[in-house]
Each structure stands twice: as structure tokens, then as C-alpha cells.
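Worksheet for the structure shown next.
FYI, it's all coordinate maths here, none of it is from the lab. Please read these numbers as outputs of a predicted model, since none were measured by experiment. All Cβ positions, glycine included, derive from the backbone under ideal geometry; neighbour counts span all protein chains shown.
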Amino acid sequence: MLQQAFNGLVGGAFYALLALGLAVIFGMLGVVNFAHGAFYMLGAFGSYVLLDSFGVNFWAALVLVPLLLGLAGTVLERLFIRRLAPLDPLYNFLFTFGLALILQDLVKREYGVQSQPYPRPGLLSGTVDLGLFGYPAYQVFVLAVSVVVCAAVWVVLTRTRVGMIVRAATERPDLTRALGIDVGRWVTPVFGFGIALAGLAGVLAAPMRAVNPLMGADLIITVFAVVVIGGLGSIFGSVAAGFAIGLVSALGNLYVPALSQTLVFILMAAVLLWRPAGLFGREEALS
Amino acid sequence: MPATDSGPILSVTGLSAWYGEAQVLREVSIEVGQGEIVTLVGRNGAGKTTLLRCLMGLQGRYSGGIAFLGSDIVRLPAHRRARMGLGYVPDDRGVYSTLTVEENLTLPPAAGPDPWPLARVYETFPRLKERRSFPGTKLSGGEQQMLALARVLRMGARLLLCDEPTEGLSPLIVGQIGDILREVKRQGTTVLLIEQNVHFAATVADRHYLLAEGRVVESLRNDEMREREHELLDYLGI
């Protein structure tokens with residue numbers, strides 16, 4: 001059971017990274033990025049292609065892929081998202097949703113739907129003795145990276161001026177502009193950063209999960225549930241909910257296997273009945 | 001008489017504004033002299049808040065002229081206007097719940113010749129110092145209003161745009177706000193104030209504009225306002 005709990009935390013590590021990116025993007029731009037899963041998939045494929053065609057190893061991909069995807073995200077924001085932002089939010093829903101389908105099918109056309117192999121980095125191929133049980137070193141690494149990245153983002157958000165501006169712009173964009181902050185200038189890097197986090201999660205997923213064009217679409221539905229449970233716009237909530245949902249669904253898998261696919265959504269419904277704004281959401285954020 | 005030495009610091013000409021199809025401001029023209037405290041008085045829905053939003057660059061659709069410090073600012077985005085020295089105190093006080101009291105104070109960049117150092121802010125508002133690490137919205141209503149005022153003073157704003165700072169506050173706090181506005185005036189800062197409390201307005205302001213249905217219907221000096229206070233109270237239905 002402890003081992004299953006640990007599996008859950010590792011799964012939660014992915015939810016947390018993806019939900020964190022979604023939350024900062026939603027907070028700052030008011031855009032629900034349906035393409036988030038596609039960028040996660042591109043992260044995994046990016047590291048696969050880099051290794052397969054260019055011989056770039058996992059460690060380099062871990063830095064390179066998020067960087068490139070983050071840059072692609074900033075271009076996307078500048079060219080499309082920014083222009084659609086003043087219109088009805090539906091336009092950006094449709095745009096990011098369409099983009100996800102396009103990216104998915106482009107990859108599908110090139111590589112088919114079968115999974116591509118990606119070896120574990122040699123350094124992390126063994127197991128780690130966690131006291132009560134041995135555990136694959138790679139999974140421990142994934143969990144550690146996710147925790148460190150989430151903690152680092154938290155420190156930046158709560159302790160730096162940039163973080164203060166992001167928090168202020170997330171809570172009251174208009175007021176923040178009226179207090180002399182050029183909110184628009186921060187929107188592009190925040191979007192790029194959110195995309196880079198999705199890419200990072202993808203790179204981390206490549207050696208332990210099936211690398212295929214649909215991997216993002218499968219995962220992102222759960223991540224949306226995670227963000228809603230944590231509270232839309234609450235950055236802390238989405239990370240906490242990410243790890244918690246990973247844990248709960250892994251344990252659910254163990255005790256009630258029949259519910260494994262639906263448990264998250266049952267939880268979401270229950271949380272929404274109890275707290276309509278999510279666990280850490282602010283009620284007024286709804287209005 | 002108002003302390004106007006040079007030209008007006010703010011001059012609004014023929015300002016009209018709409019929410020969708022509904023026109024809420026009709027050809028409003030007002031002037032505010034350097035160092036004056038001027039109030040906008042009128043019933044709810046008269047267009048006072050919309051006027052401030054236009055000045056700040058937050059109103060979607062409007063036309064007309066706005067000159068601040070002698071230059072046309074109609075095309076400037078909100079953050080550029082703030083950096084020129086417009087200090088906005090919105091009607092809901094605009095205190096951030098995700099920022100501490102001190103972060104609320106230090107968020108805006110300095111935007112004028114005379115930004116208050118944090119030490120002076122805390123000397124003037126000791127309560128904010130005590131609660132500097134609390135989330136902004138954990139303060140009482142009066143304290144939040146002080147915070148919103150202190151924030152634009154720390155910016156060093158040249159012209160404060162205050163949207164009903166006394167609304168819903170106890171007479172004691174209203175008195176304190178009056179003291180602060182008078183001190184602000186002494187240091188040469190200009191204030192454009194929305195106020196439904198005619199009695200309070202008459203204790204701080206030099207001049208008043210009376211707004212009704214999106215128009216300026218009267219412009220009064222403070223002595224005229226005092227003479228007609230009861231008539232105006234009836235008119236406002238307060």
C-alpha cells in the first residue's frame with residue numbers, strides 16, 4: 001500500500017506541474033489553455049526526437065525542450081492569444097482547443113499512434129532503497145524535480161517583486177494597471193513559462209510513460225479536474241490538489257479498481273457541491 | 001479661493017461615455033486647479049464613477065478630451081497615466097487579498113515628484129504598520145480605506161482620484177480621512193473626490209461639481225455649497 005501511495009505521488013507530480021502551468025496562465029490571462037496537454041505531449045516527443053535524430057541525451061533535453069516550448073508559447077501568445085483576449089473568452093477556448101487537435105494530428109501523421117520507446121537515463125536506471133521498499137530511482141527523481149520546481153515557483157510568487165506583480169495582476173488586472181503596472185508586459189513571459197512547465201512534465205514523462213500523440217489528451221482531462229478541485233486561479237490550490245489527486249486515485253485504484261477512471265470526477269463533483277470555488281479558490285473569483 | 005497658481009492640472013472637455021448602448025456621460029467638462037480639492041457630487045448612477053474610470057483609462061468606450069499636466073492623455077493606457085501621477089482610489093478600495101498590507105503599499109512604482117517613504121506612511125498610519133504582514137483584506141473597512149489612500153501617497157501621485165472614500169465608514173474614520181485630505185492638500189497635492197456626503201464634502205473641498213444623469217448641472221464654490229447644503233441634500237435625496 002505504501003508503494004501504491006508513492007506511485008500516486010509520482011502521478012501527482014505530473015498533475016501538479018501541469019496544473020501549476022494552467023493555473024498561472026488562467027490567473028494572468030483569463031485563458032483556459034486547452035492546448036496544455038498537447039504541449040506536454042510535444043515535450044515528450046521533443047525529447048524523443050532529440051535523442052532519436054540528434055543524439056541529444058535526457059539531461060540536455062530536460063533543459064532544452066522546456067526552453068524551446070516556452071519560446072514557442074511566447075510567440076503563440078503574441079501572435080494569437082493576445083489578439084483574441086479582448087473578445088469573448090470562447091474565442092481563446094476554441095483557438096487553444098483547435099491548436100491541440102492540430103498539434104496532435106501533426107504528430108500522429110508523422111509518428112502514428114503507437115508508442116515510441118524512450119530509455120531511462122543510465123544514471124537513474126537502478127532502484128532506491130526507501131527503507132520499507134525499493135523504488136525505481138527514476139520515479140524518485142521525477143517526484144523530486146516536481147516538488148523542487150513547484151516550491152521554487154511558490155518562493156518566486158510569494159517573495160519577489162515579480163511574484164507580487166503576478167499575484168496582483170491575477171487578482172485585479174484592471175486595478176493593477178491603474179496603479180502603474182504594465183500588466184501586458186508580464187502576460188507573454190507568464191504564458192511562455194506555463195507552457196515550459198507543460199514541456200518539462202512531458203520530458204519527465206518520456207522515460208516512464210508511453211510516448212504517443214494522445215498522451216496529453218488523456219492526461220489533461222484529469223488535470224482540468226485537478227485545477228477545478230484546487231480552485232480556479234489558486235496556484236497553491238492547483239499544486240496541492242495535483243499531489244492529493246495523484247495519491248487518492250492511486251489508492252482508489254488499489255481498493256476500488258472499478259472506479260479508477262471516474263474517482264477524480266466524483267471527487268470534483270463532491271468538492272464543487274461543498275465549495276463551489278474549489279478547495280483554495282476565493283468565492284469572489286467566481287463573480 | 002482655490003490655490004490655482006498656474007493652469008489647471010486636469011482639464012476635461014466634452015467627455016461622453018457609454019456602457020453598451022447606454023450613454024452614461026454627456027459632454028462633461030470640468031477643470032481642477034493645482035492644489036485644489038474638488039468634489040463630484042450626485043446621486044447613484046449620475047456618472048461620477050464612470051468619469052473617474054475614463055480619467056484613469058479603464059472605461060471601454062468614451063470620447064472627448066482629457067488633459068493632465070497640460071498634455072492630452074486620452075490615448076495613453078492606464079499604467080502610463082498612473083505613472084504620470086494619477087493616483088486611483090477605487091470605490092471598492094481596491095485592496096488585494098493575495099498581497100500583504102506592505103505589498104499593497106509597495107506595489108505601485110513611484111509616479112511623482114514627492115513619493116512618501118514607507119516610514120512616513122507608517123508614521124501617518126500607525127495601524128498599517130502594526131498590520132503590515134497581514135493579508136490586505138483582513139483589515140477593517142476603515143483601515144482598507146486608509147491603505148488605499150496611503151498607497152497612492154506612497155506613489156507620490158500628483159492628483160488623487162478618490163471614489164467615495166467615506167462610504168459606509170464611521171464618523172470617527174470619516175473625520176480621519178478628512179484630516180488626511182487636508183494634510184495632502186497642504187503638501188500641494190490635488191484631489192478629485194467623489195462624495196455623496198455633502199456635509200463632509202463641504203469640510204474639505206474648495207469647489208464642487210454637481211452631476212445628474214451624466215451631465216454637470218452646477219459648479220459651486222464651497223461657500224455657495226455651504227449656503228445651499230440643505231437644498232442640495234434634498235436634491236440628492238440623501
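In nm, to one decimal, how far is the A:Phe97 label point from the A:Val75 one, both placed 7 Å along Cα→Cβ?
My value for the distance between the label points is 2.6 nm.
Please compute one quarter of the surface area of the Cα convex hull for chain A and express it in square nanometres.
The Cα convex hull of chain A, projected and averaged over all directions, gives 15.7 nm².
Using a Gaussian network model on chain A with a 10 Å cutoff between Cα atoms, which of A:Val264, A:Val140, A:Val148 fluctuates the most?
A:Val148
So what is the relative contact order for chain A, in percent, with contacts set as C-alpha pairs under 8 Å and at least six apart?
38 percent
State, as an integer percentage, the relative contact order of segment A:174-287 based on alpha-carbon contacts under 8 Å between residues 6 or more apart.
This gives 23 percent for segment A:174-287.
With labels modelled as points extended 7 Å from the Cα through the Cβ direction, what inter-label distance (nm, one decimal) is found for A:Leu272 paired with B:Val74?
Here the answer is 4.6 nm between the modelled labels.
Which whole number gives the average, over all residues in B:55-66, of C-beta atoms from other chains lying within 10 Å of the residue C-beta?
What the average comes to for B:55-66 is 1.
Short version: what are the Cα gyration tensor semi-axes of segment A:109-176, square root of 5 times each eigenvalue, largest first, in whole Å?
Semi-axis lengths for segment A:109-176 are 37, 22, 9 Å.
Among B:Asn44, B:Asn222, B:Asn104, which one shows the biggest mean-square fluctuation in a GNM of chain B, springs joining Cα atoms closer than 10 Å?
Maximum fluctuation in the GNM of chain B, among the listed residues, is at B:Asn44.
When the label point is put 7 Å from the Cα of B:Trp18 along its Cα-to-beta-carbon vector, which residues of segment B:41-74 have a backbone N closer than 16 Å?
B:59-64
Which whole-number percent gives the relative contact order of chain B, counting Cα pairs below 8 Å spaced six or more residues apart?
27 percent
Order of B:142-152, A:70-80 by packing, highest average Cβ count within 10 Å first?
Going from most to least packed, we get B:142-152, A:70-80.
Any number yet on Rg/Rh for segment A:33-171, C-alpha, Kirkwood?
Here Rg/Rh amounts to 1.03.
Cross-link candidates for A:Lys108: which lysines have Cα within less than 22 Å, leaving aside residues fewer than 8 places away along the same chain?
List returned: none.
Sorting A:Phe45, A:Phe133, A:Phe193 on the 10 Å Cβ count, fewest up front, what's the list?
A:Phe133, A:Phe193, A:Phe45
Among B:Leu105, B:Gly35, B:Leu210, which residue has its Cα positioned farthest towards the positive end of the charge dipole of chain B, with +1 placed on the Cβ of Lys and Arg, -1 on the Cβ of Asp and Glu, and the dipole taken about the Cα centre?
Going by the Cα projections, it comes out as B:Leu105.
What order do you get for A:Ser234, A:Ser125, B:Ser29 when you list them from fewest to most C-beta neighbours inside 10 Å?
Going from least to most buried by this count: A:Ser125, B:Ser29, A:Ser234.
GNM, chain A, Cα, under 10 Å: largest mean-square fluctuation among A:Leu101, A:Leu247, A:Leu200?
A:Leu101
Which of the lysines could a cross-linker bridge to B:Lys138, judged by Cα under 25 Å and excluding same-chain residues fewer than eight apart?
The reachable lysines, counting only those whose Cα sits under 25 Å from B:Lys138, are B:Lys129.
Need one value for A:155-166: mean number of C-beta atoms belonging to other chains within 10 Å of its residues' C-beta atoms.
Other-chain Cβ atoms within 10 Å of each residue's Cβ, averaged: 2.
Can you figure out the FRET efficiency of B:Glu227 with B:Ser133, using R₀ = 45 Å and their beta-carbon distance, to the nearest 0.05?
0.40
Per DSSP H run of n ≥ 4, the term is -39500 (n - 2.57); total these for chain B, divide by its residue number, and report the mean residue ellipticity at 222 nm rounded to 500 deg cm²/dmol.
-10000 deg cm²/dmol
How do A:Arg185, B:Arg154 rank when sorted from fewest to most other Cβ atoms within 10 Å of their own Cβ?
Sorted ascending by nearby Cβ count, the order is A:Arg185, B:Arg154.
May I ask you to list the lysines whose Cα is less than 27 Å away from that of B:Lys48, ignoring any residue fewer than eight positions away on the same chain?
Qualifying lysines at Cα under 27 Å: B:Lys185.
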